[in-house]
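J.: One structure, pasted below without further comment.
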Amino acid sequence: MATEATVTVPSDQFPLGTVFEQLPDVTVTLERIIPAQDVVVPYVWVRGAAVDDIEGAFSDHPGVKDVSLVDSVEDEYLLRITWAIEYAGVLSTLSESELALVEAVGTKKQWTFDVRGDERSDIAAFQRRCRELEIPITVTKLHALTPLETETEAALTEAQQEALVLAYDRGYFETPREVTMAELGDELGISQQAVASRLRRGIRDVLGRTLPETEGANR
């Protein structure tokens, strides 16, 4: 089933992140991505800046080959970016994967990517590849591409869903387990006790929604 996910990465872990050092209040949006001969050429909107040389605000980065101004309207600038696809980052990993990039928005704090895969396994494969490359992504949302939110999704907080998805993808529920709770905690940036709490509460809440006879019990 087609699945959408929202992932975040610290701003300094993505090419263009250096722009926030000079323009901390801007928002950068990847308008469109066009794959062509293994080269990704997006158009990028930079909003919230009023500078004469917007191209100069983008410091050199190994992930960027060229930045050129296409158009501008007041404090909004449309730029064309030629990426160095060989740079091992989120963008090149997306290009290698079976995922489509729906939207990407960057701020001083972080970059947020909305991606879509034909199968949930495509999202999991993308996560594994990012781990292999030590790209610090965090999955904040994961849901099937359906018009209505499922009962299971409605039962979970974002933190619970993130912990359960990671535990499932990393093999925590396999026999024998392929990952420890401490390792999950390291990846999520929380304590082992917090992981245990999120998993326990998440499983309880899912069962409370999916098993009619238990609904409302033990809350």
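Every number in this text was worked out from the coordinates using simple rules, so none of it is lab data. It should be emphasised that the depicted structure is a prediction, and the values quoted were computed from it without experimental measurement. Neighbour counts run over all protein chains shown; Cβ positions are idealised from the backbone, glycine included.
J.: Hey, what do the phi angles of the range 90-103 turn into as Karplus ³J(HN,Hα) couplings, whole Hz, using 6.51/-1.76/1.60 and θ = phi - 60°, x for Gly and Pro?
T.: Going residue by residue, I get 4, 5, 5, 5, 5, 4, 6, 7, 9, 9, 9, 8, 7, 7 Hz, with x marking Gly and Pro.
J.: Then there is this: 5 Å is the cut-off here: which amide hydrogens, built 1.01 Å from N in the peptide plane, fall below it relative to Val64, excluding neighbours closer than 5 in sequence?
T.: The list, which skips near neighbours in sequence, is Ala84.
J.: Dipole size in debye (nearest 20) for the range 3-142 around its Cα centre, Lys and Arg Cβ +1, Asp and Glu Cβ -1?
T.: Using only the charged Cβ atoms, the result is roughly 500 debye.
J.: With each label point set 7 Å from Cα along the Cα-Cβ vector, what nm distance links Glu103 and Gln193?
T.: So the two model labels end up 3.8 nm from each other.
J.: Using the Karplus curve 6.51 cos²θ - 1.76 cosθ + 1.60 with θ = phi - 60°, what ³J(HN,Hα) values do you get for each residue of the range 161-166, in whole Hz, with x for Gly and Pro?
T.: My calculation for the range 161-166 gives 5, 4, 5, 5, 5, 5 Hz in order.
J.: Once amide H atoms are built 1.01 Å from N in the peptide plane, which residues 5 or more positions from Trp111, or in another chain, come under 5 Å H to H?
T.: Val9, Ser11
J.: Oh, and also: Consider a paramagnetic label point 7 Å from the Cα of Asp186 along Cα→Cβ; state which residues of the range 114-139 have an amide N under 16 Å from it.
T.: 131-137
J.: Taking amide H positions as placed 1.01 Å from N in the peptide plane, with prolines and chain starts having none, which residues 5 or more places from Glu31, or on another chain, fall under 5 Å of its amide H?
T.: Amide H neighbours of Glu31: Tyr43, Val44, Trp45.
J.: Still on this model: R0 = 22 Å: FRET efficiency of Glu74 with Tyr43, Cβ-based, nearest 0.05?
T.: 0.75
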